[in-house]
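All remarks here apply to the structure that follows.
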Amino acid sequence: MRQITFSQATLEAMAEEMRRDENIFVMGEDIARQGGVFGQFKGLSDEFGDRIMDTPISETAIIGAAVGAAMAGMRPVADMHFADFMGVAMDELFNQMAKIRYMFGGQTTVPMIVRAPDGLSSCAAAQHSQSIEAWFMNIPGIKVVAPSNPADAKGLLKSALRDDNPVIYFENKILYREKGEVSEEEFLVPIGKANIVREGTDITIISYSIGMKKAYEVADKLEKQGIHAEIIDLRTLVPYDKEAILKSVKKTHRLAIIHEAVKQGGAGSEIAAFVAENAIEYLDAPIMRFGAPFVPVPFSPPLEKAYRLDSDKIVEEILEKF
Amino acid sequence: MIKEILMPKLGLTMVEGKIIQWFVKEGEFVNVGDKLFEVETDKLTNEIMADTEGILKNILVNEGETAEVKALIGIIAGENDDISSILTNSGVEIQQLIDIEFSEETPITEQPENIESSYIKATPYAKKLAEERGIDINNVTATGYRGTIVANDVENAEINEIKIKVTPTARKMAEDKGINLAEIYTGTKIKKADILAIEEKYPQDNEFENEKASSMRKIIAQRMKNTWAGTPMVTFNMEADMTETINLREKLKAVYERDGIRLTYNHIIMKILSKLLVKYRYLNASFDNDTIIYHKHVNLGIAVDVEKGLMVPNVKEIEKMTLREIAVQTEKLIEDARTNKLSPDYLSGGTFTITNLGMFGIESFSPIINKPEVAILGINKIAEKPVVVNKEIVIRPMMNLSLTTDHSLVDGALSAKFLKEIVEIIENPYLLID
């Protein structure tokens, strides 16, 4: 099968869906003329003209306009440049975008996508390196997706573009350059369905987005110790695939959750609590969460390195529980 | 006031003791004379009383654990006494410091040790497995993280235990009614209906009554089984004409009674043995793989039935004793054994044993050797019997002797010779002054 990058995969998804549905348009900073900071919009304006719009530097305006357009029947895509900037438009995101369909008793829907490049890159410091998906897991009314590979990036983006609810699409900055097999035929990846990417018997490792790279590393290292890890790529955080998680944990009796985001109050906390509530009798070891320490992302290269997940340390900690 | 409780030395040979039971819980108040704990040595069990009043602050050696003599096993102190220095010296505090050092991220505070120790650390899945498979989690050895029982431990435990699938209700019913699940298990999960069916089939569910065996019974059982399994024992029987010995006893009895001493046939036979065992070194010996150990002295044991079982105190260096001394010492040991006052030293170091079942009418039996001894003499009932003397049938008081020897050291001919010589002296007790 052909290999394309994550970035190309999102471009394909956009182009295919924009051809299919003329109500889709894109707003953001430096996306039309420049093609996006990570090239994720490159060439779209050649085909779709003013459906790709450069905006002033105001996240509040971008989200506010998108919510209005969505209520008026359009399917806007709002690019946030960096996920870190979503804070500027927080009222528009969590009070308006998330609540309007509910507040108006379903008289209107808000079919829009917020695209949010997130995660550590290289010395981008505390305000340009964050993973904030957990914030939105606590706000009813928003779907949250976080693909880990080009195929899912395309399939999930296409599903999001067809969804009648607001979807936040977290796309990891490092993953943009990653290549992977993507079918040339059209396909969708459903929102809310996890992917068991590797079957195993001894421990379930759950991750998503960039965390999946660590999940594979850890599983490979465990395999050398004779431990067969089952890896679940969650793909979607809201809603998350409870059935797949329970089924796997009941099989392996151990659970580790890995994400690049801060461990405290992270997505892993929700999953851990869910498993403890529903399947504690199947657990043969404490649930293990692996995430960033509870500090702002440091700028200093050595400190940033220390901040990152280390698969050796994760393996060590997992082995202690056997 | 602070009182350190040490493992008592109950007799000269005791090096360690096992705590069977603490009668007082940590934090409870004890008065002088209250039962404090029960300790078991390889010979016997003793209840130890408190000699200080105060609060039992710490139990350092738990039930089932063993400690050396003079080791610190607990502390009695007043409510506000600071016992930390004692604990530091005993290594307890140091252990706790190490625990803290290794505990992860600071906010997690460990439970106090005494609360944790009563809780069985097992993962939820291990508990679920144990319940499903009918395994008592208390009997599972933990090998998991931080001393936790994990599923794998339960699976390993299962190898040693018969795998019984049973519903929780059925298990409870079986426990209440004293039904042994292992006996009725056929491979399919036991349900409530199965238990009810058993009850219907055997309506008298009180046919059995379970009682936990005493420590003494467990020791006896263990020693008997070990001897039985590991010793080639042969029992030899020979009858003795008691006429002369009865005469001897009748004549001495009256004399001894003036001094308040009771003379029995046991004493006379012991006197005979004390003489013969010096001569028959093989019978007053032990055998340890490839070494024959001859004992310098004859420490003659006598089996005494006590309330809970059997004790065998021995009369030390009996070969130096007169019959009178033997009578006095033997009766004292029997009395002490029955009133639980016996010093453990009298229970160890025996070299030969006698056991008398004559008073129960027994005429012959196969006594089991009291290891590491190599022989035991069973004494039976004296009965008037027709015997042939000088080609005439006469009636004589006869007594059978049952000698069991360890054939790995003592051959049949030697055993027979020894027994024959005993009989000769019984029939002609004047030889005692020979």
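Only residues that are in contact (Cβ under 8 Å) with a residue 40 or more places away in the chain and in contact with a Leu (Cβ under 6 Å, 6 or more places away or on another chain): list them for segment A:263-287, please.
A:ALA267
Considering only strands (runs of 3 or more DSSP E) fully contained in segment A:216-270, which possess at least 3 residues that are out of contact with any Ser or Thr (no Cβ under 8 Å at 6 or more places or on another chain)? Steps first, please.
Numbers: elements: A:229-233, A:236-238, A:255-262.
Of the strands (runs of 3 or more DSSP E) lying wholly inside segment A:216-270, those with at least 3 residues that are out of contact with any Ser or Thr (no Cβ under 8 Å at 6 or more places or on another chain) span A:236-238.
May I ask you to verify whether B:GLY33 is touching a helix residue (DSSP H, G or I) at 6+ places or on another chain (Cβ under 9 Å) and among the small types (Gly, Ala, Ser)? Walk me through it before giving the result.
Working: touching a helix residue (DSSP H, G or I) at 6+ places or on another chain (Cβ under 9 Å): no; among the small types (Gly, Ala, Ser): yes.
No.
Can you tell me which residues in segment B:376-414 are among the polar types (S, T, N, Q) and either farther than 15 Å from B:ILE354 by Cβ or at pLDDT below 95 (or both)? Can you show your working first?
Taking segment B:376-414 as the starting set, the residues that turn out to be among the polar types (S, T, N, Q) are B:380, B:390, B:400, B:402, B:404-405, B:408.
The answer is B:ASN390, B:SER408.
Mind checking which residues of segment A:247-267 are under 25 Å from A:ASN165 (Cβ atoms) and aliphatic (A, V, I, L, M)?
So in segment A:247-267, the residues under 25 Å from A:ASN165 (Cβ atoms) come out as A:259, A:261, A:265-267.
Listed by number, the residues that qualify are A:ALA261, A:ALA267.
Considering B:SER366, B:SER408, which residue is open to solvent by 70 Å² or more (accessible area, probe 1.4 Å) and either in a loop (DSSP other than H, G, I, E, B) or not assigned by TED's automatic domain parsing to the domain that holds B:ASN247 (or both)? Let's see the steps before the verdict.
On the way: B:SER408 fails: open to solvent by 70 Å² or more (accessible area, probe 1.4 Å).
Result of the check over B:SER366, B:SER408: B:SER366.
Determine which member of the set A:THR236, A:THR204, A:THR252 is among the polar types (S, T, N, Q), over 30 Å from A:ALA125 (Cβ atoms) and more than 12 Å from every other protein chain (Cβ to nearest Cβ).
On the way: A:THR236 fails: over 30 Å from A:ALA125 (Cβ atoms); A:THR252 fails: more than 12 Å from every other protein chain (Cβ to nearest Cβ).
The unique qualifying residue is A:THR204.
Is segment A:61-80 home to any residue that is of a type in the set (Val, Ile, Thr), assigned to a helix (DSSP H, G or I) and free of Cβ contacts under 8 Å to residues at least 40 places away in the same chain? Outline the logic, then answer.
Looking only at segment A:61-80, we keep the residues that are of a type in the set (Val, Ile, Thr), and these are A:62-63, A:67, A:77.
From the residues that got through so far, the ones that are assigned to a helix (DSSP H, G or I) too are A:62-63, A:67.
Filter once more, so that each one left must be free of Cβ contacts under 8 Å to residues at least 40 places away in the same chain: A:62.
Yes, segment A:61-80 contains at least one residue that is of a type in the set (Val, Ile, Thr), assigned to a helix (DSSP H, G or I) and free of Cβ contacts under 8 Å to residues at least 40 places away in the same chain.
I'd like to check something: does segment A:258-279 contain any residue that is under 18 Å from the mean Cα position of the chain (by Cα), more than 17 Å from A:MET137 (Cα to Cα) and open to solvent by 20 Å² or more (accessible area, probe 1.4 Å)?
no
Restrict the check to segment B:249-260 and report whether at least one residue is in contact with a Leu (Cβ under 9 Å, 6 or more places away or on another chain), in contact (Cβ under 8 Å) with a residue 40 or more places away in the chain and surrounded by 13 or more Cβ atoms within 10 Å (Cβ to Cβ).
So far as segment B:249-260 goes, yes, one or more of its residues are in contact with a Leu (Cβ under 9 Å, 6 or more places away or on another chain), in contact (Cβ under 8 Å) with a residue 40 or more places away in the chain and surrounded by 13 or more Cβ atoms within 10 Å (Cβ to Cβ).
Within segment A:273-287, identify whether any single residue is more than 14 Å from chain B (Cβ to nearest Cβ) and assigned to a helix (DSSP H, G or I), and answer yes or no. Don't jump to the end; show me each part of the working.
So in segment A:273-287, the residues more than 14 Å from chain B (Cβ to nearest Cβ) come out as A:273-274.
Now narrow it down to the ones that are assigned to a helix (DSSP H, G or I): A:273-274.
Within segment A:273-287, one or more residues are more than 14 Å from chain B (Cβ to nearest Cβ) and assigned to a helix (DSSP H, G or I).
Would you say A:PHE322 is in a loop (DSSP other than H, G, I, E, B), open to solvent by 20 Å² or more (accessible area, probe 1.4 Å), within 14 Å of chain B (Cβ to nearest Cβ) and under 30 Å from A:PRO166 (Cβ atoms)? Reasoning before the result, please.
Values: in a loop (DSSP other than H, G, I, E, B): yes; open to solvent by 20 Å² or more (accessible area, probe 1.4 Å): yes; within 14 Å of chain B (Cβ to nearest Cβ): yes; under 30 Å from A:PRO166 (Cβ atoms): no.
So A:PHE322 does not fit the description; no.
Of these, A:LYS242, A:LYS221, which one is under 23 Å from A:PHE322 (Cβ atoms), of a type outside the set (Val, Ile, Thr) and not assigned by TED's automatic domain parsing to the domain that holds A:TYR169? Show your work before the answer.
Values: A:LYS242 fails: under 23 Å from A:PHE322 (Cβ atoms).
On inspection, the qualifying residue turns out to be A:LYS221.
Taking segment B:298-319, which residues are open to solvent by 60 Å² or more (accessible area, probe 1.4 Å), on the phi < 0 side of the Ramachandran plot and in contact (Cβ under 8 Å) with a residue 12 or more places away in the chain? So that I can check it myself, show each step before the final result.
From segment B:298-319, those open to solvent by 60 Å² or more (accessible area, probe 1.4 Å) are B:305, B:307-308, B:310, B:316-317; that's our starting set.
From the residues that got through so far, the ones that are on the phi < 0 side of the Ramachandran plot too are B:305, B:307-308, B:310, B:316.
Correct list: B:GLU307, B:LYS308, B:LEU310, B:LYS316.
Just name the residue that is modelled with the lowest pLDDT out of those in segment B:118-131 that are surrounded by 13 or more Cβ atoms within 10 Å (Cβ to Cβ) and more than 10 Å from every other protein chain (Cβ to nearest Cβ).
Here is the first cut: in segment B:118-131, the residues surrounded by 13 or more Cβ atoms within 10 Å (Cβ to Cβ) are B:120-131.
Cutting the leftovers down to more than 10 Å from every other protein chain (Cβ to nearest Cβ) gives us B:120-121, B:130.
Working: B:ILE120: 83, B:LYS121: 87, B:ALA130: 89.
Restricting to residues being surrounded by 13 or more Cβ atoms within 10 Å (Cβ to Cβ) and more than 10 Å from every other protein chain (Cβ to nearest Cβ), the top hit is B:ILE120.
Between A:PHE294, A:PHE299, A:PHE290, which is of a type outside the set (Asp, Glu), within 14 Å of another protein chain (Cβ to nearest Cβ), touching a residue at least 12 places away in the same chain (Cβ under 8 Å) and open to solvent by 40 Å² or more (accessible area, probe 1.4 Å)? Before the answer, list the steps.
Working: A:PHE299 fails: within 14 Å of another protein chain (Cβ to nearest Cβ); A:PHE290 fails: open to solvent by 40 Å² or more (accessible area, probe 1.4 Å).
It is A:PHE294.
State all residues of segment A:95-117 that are of a type outside the set (A, V, I, L, M, F, W, C) and either open to solvent by 10 Å² or more (accessible area, probe 1.4 Å) or closer than 17 Å to A:VAL238 by Cα (or both); if no residue qualifies, say none.
Looking only at segment A:95-117, we keep the residues that are of a type outside the set (A, V, I, L, M, F, W, C), and these are A:95-96, A:99, A:101-102, A:105-109, A:111, A:115, A:117.
Residues satisfying the conditions are A:ASN95, A:GLN96, A:LYS99, A:ARG101, A:TYR102, A:GLY105, A:GLY106, A:GLN107, A:THR108, A:THR109, A:PRO111, A:ARG115.
Would you check if A:LEU309 is open to solvent by 70 Å² or more (accessible area, probe 1.4 Å) and more than 14 Å from every other protein chain (Cβ to nearest Cβ)? Before you say what the answer is, go through the steps one by one.
On the way: open to solvent by 70 Å² or more (accessible area, probe 1.4 Å): no; more than 14 Å from every other protein chain (Cβ to nearest Cβ): yes.
Criteria not met by A:LEU309.
From the set of residues in segment B:133-151 that are part of a helix (DSSP H, G or I), within 10 Å of another protein chain (Cβ to nearest Cβ) and in contact (Cβ under 8 Å) with a residue 24 or more places away in the chain, which is surrounded by the fewest Cβ atoms within 10 Å (Cβ to Cβ)? Let's see the steps before the verdict.
Step one: of segment B:133-151, the residues part of a helix (DSSP H, G or I) are B:133, B:137-139, B:145-147, B:151.
From what is left, the residues that are within 10 Å of another protein chain (Cβ to nearest Cβ) are B:145-146, B:151.
This time we only want the ones that are in contact (Cβ under 8 Å) with a residue 24 or more places away in the chain, so: B:146, B:151.
Values: B:ARG146: 12, B:ALA151: 23.
By that ranking, first place goes to B:ARG146.
The values are calculated or read from the model by the stated rules, or taken from the named source; none is laboratory data. Quick caveat, the model's predicted, so the values are computed rather than measured. Cβ: placed from backbone, ideal geometry, glycine included. Neighbour counts: every protein chain shown. Protein only, heavy atoms only, side chains kept; ligands, DNA and RNA dropped before computing areas. Shrake-Rupley method; radii C 1.70, N 1.55, O 1.52, S 1.80 Å.
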